[in-house]
């Protein structure tokens with residue numbers, strides 16, 4: 001009788017896991033409490049995988065031999081309470097992908113901020129160096145989907161394959177044997193605490209699970225100047241003792257140069273901005289050197305890397321004003337890094353759905369770097385309360401178009417306009433991507449208008 005695997009959640013991770021399980025000959029069923037995206041329905045239907053949406057029918061879920069759970073499903077949900085009561089083994093898609101990825105080298109990148117940029121950059125450096133590399137996990141394709149593609153193609157050089165995976169704390173919660181050759185922990189700042197009983201130490205422990213199966217020959221690269229990370233290492237329930245530890249300390253970046261060991265890399269041609277991205281770069285460089293990339297190819301990769309959208313993304317330059325889209329900055333820490341990266345007077349577009357923000361860490365940066373504040377949200381009262389007394393121009397707007405128009409009025413040649421909201425986007429937009437796209441479109445429309453005005457003169 002076939003082993004029955006039930007997949008809870010039908011996003012990229014759930015669909016990837018279902019396709020891999022079906023290919024391996026398991027009896028597969030997919031259950032989602034919400035609606036299943038049309039493209040994923042098509043994929044499941046094409047290979048005959050049964051599914052349900054807008055419900056979890058417990059009769060069909062609890063007869064599983066094993067459950068693969070979407071990282072977005074909390075333990076407190078009714079379906080998970082029933083699963084745990086029944087005693088069914090639960091794993092995540094990352095764990096399932098690892099079981100069937102064969103012999104390969106895994107780079108697992110986690111942290112509260114900077115995961116996607118570091119994952120994309122590491123992939124780009126390794127790819128530029130000509131290595132056999134794939135990227136996925138919490139960004140792009142699921143690990144299970146990539147493992148399936150390799151099984152179908154029958155790769156003969158399995159031990160030379162490199163998987164660069166972005167992994168979230170939610171994904172790490174559901175690993176059992178997952179063992180990366182190189183693990184990176186970029187930083188730990190308070191986030192998603194509602195999933196961890198509002199205890200920072202629980203969230204930090206989840207991040208440290210990235211190291212829990214590492215052994216001799218593996219590497220653990222971590223932020224040696226992150227205070228929360230340093231404190232947690234003493235009390236971690238998963239002590240880091242087996243892999244070789246590599247701490248990234250301060251002082252690696254000076255005068256536009258990054259030094260890693262004996263190698264020196266120039267960042268003058270790089271599109272990356274700000275000290276935090278120099279740290280992300282040194283992590284990616286360190287990984288690339290460990291995996292055999294040549295320094296000249298790494299430099300080529302640094303020069304040609306295009307950062308992911310909505311993360312300190314340069315959108316346009318209009319009449320000497322540089323417009324930056326940092327819509328992904330949905331918390332105060334991200335905005336701190338963004339403002340730190342600004343090196344000319346800045347018009348700051350901020351606001352959205354507040355997440356209980358404490359804006360205090362931003363006060364000094366706003367005082368020194370921001371010339372005007374443009375609020376963009378339904379309720380801007382908290383931002384006005386915190387920053388309104390600074391005697392800087394401050395206006396309220398209710399759309400990306402209006403915010404861009406007001407920002408343009410404050411910005412002069414040599415200034416920057418920075419969209420870095422510090423808030424969720426759901427008051428005015430579908431998500432942070434939609435917010436960033438509407439901002440970009442408004443900036444480009446403004447750029448076209450300014451160009452026409454100039455030609456008219």
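Out of all the residues in segment 105-119, is one or more surrounded by fewer than 24 Cβ atoms within 10 Å (Cβ to Cβ), assigned to a helix (DSSP H, G or I) and modelled with pLDDT of 95 or more? For segment 105-119, residues surrounded by fewer than 24 Cβ atoms within 10 Å (Cβ to Cβ), assigned to a helix (DSSP H, G or I) and modelled with pLDDT of 95 or more: absent.
When restricted to residues that are at pLDDT below 95 and either over 17 Å from the mean Cα position of the chain (by Cα) or part of a loop (DSSP other than H, G, I, E, B) (or both), segment 271-292 contains 5.
Note on segment 181-203: among residues that are part of a helix (DSSP H, G or I) and under 18 Å from the mean Cα position of the chain (by Cα), the one that is modelled with the highest pLDDT is 203. Filtering segment 396-436 to residues that are free of Cβ contacts under 8 Å to residues at least 40 places away in the same chain, out of contact with any strand residue (DSSP E or B) (no Cβ under 6 Å at 6 or more places or on another chain) and outside any loop (DSSP other than H, G, I, E, B) leaves 402, 409, 434. Looking across segment 229-247, the residues that are at pLDDT 85 or above and surrounded by fewer than 19 Cβ atoms within 10 Å (Cβ to Cβ) come down to 244, 245, 246, 247. Here residue 83 qualifies as under 22 Å from residue 1 (Cβ atoms), more than 28 Å from the chain's Cα centre (by Cα), surrounded by 22 or more Cβ atoms within 10 Å (Cβ to Cβ) and outside the structural domain of residue 135 (by TED's automatic domain parsing).
Residues considered: 358, 354. Of these, the only one that is over 19 Å from residue 311 (Cα atoms), modelled with pLDDT under 95 and either surrounded by fewer than 16 Cβ atoms within 10 Å (Cβ to Cβ) or not assigned by TED's automatic domain parsing to the domain that holds residue 335 (or both) is 358.
If you go through segment 149-168 one residue at a time, do you hit one that is within 29 Å of residue 223 (Cβ to Cβ) and in a helix (DSSP H, G or I)? No; the residues of segment 149-168 include none that is within 29 Å of residue 223 (Cβ to Cβ) and in a helix (DSSP H, G or I). Report yes if residue 178 is in a loop (DSSP other than H, G, I, E, B), crowded, with 18+ Cβ neighbours inside 10 Å and assigned by TED's automatic domain parsing to the domain that holds residue 135, otherwise no. When the stated conditions are applied, residue 178 passes them.
Inspect all residues belonging to segment 86-101 and state whether any of them is out of contact with any helix residue (DSSP H, G or I) (no Cβ under 7 Å at 6 or more places or on another chain), outside any helix (DSSP H, G or I), in contact (Cβ under 8 Å) with a residue 40 or more places away in the chain and more than 25 Å from residue 147 (Cβ to Cβ). Checked against the condition, which is being out of contact with any helix residue (DSSP H, G or I) (no Cβ under 7 Å at 6 or more places or on another chain), outside any helix (DSSP H, G or I), in contact (Cβ under 8 Å) with a residue 40 or more places away in the chain and more than 25 Å from residue 147 (Cβ to Cβ), segment 86-101 yields no hits at all. In segment 6-73, counting only helices (runs of 4 or more DSSP H) that sit wholly within it, the ones holding 1 or more residues that are modelled with pLDDT of 95 or more, in contact with a strand residue (DSSP E or B) (Cβ under 7 Å, 6 or more places away or on another chain) and farther than 17 Å from residue 94 by Cα span 38-46, 58-61.
Determine whether segment 7-20 contains at least one residue that is more than 24 Å from the chain's Cα centre (by Cα) and surrounded by fewer than 22 Cβ atoms within 10 Å (Cβ to Cβ). No. For segment 328-341, the criterion of being closer than 19 Å to residue 397 by Cα, more than 16 Å from the chain's Cα centre (by Cα), crowded, with 24+ Cβ neighbours inside 10 Å and in the same structural domain as residue 402 (by TED's automatic domain parsing) is satisfied by no residue at all.
The values are calculated or read from the model by the stated rules, or taken from the named source; none is laboratory data. From a predicted model like this one, the values you see are computed outputs, not experimental measurements. So basically every Cβ, Gly included, is an ideal-geometry build from the backbone, and we count neighbours across all protein chains shown.
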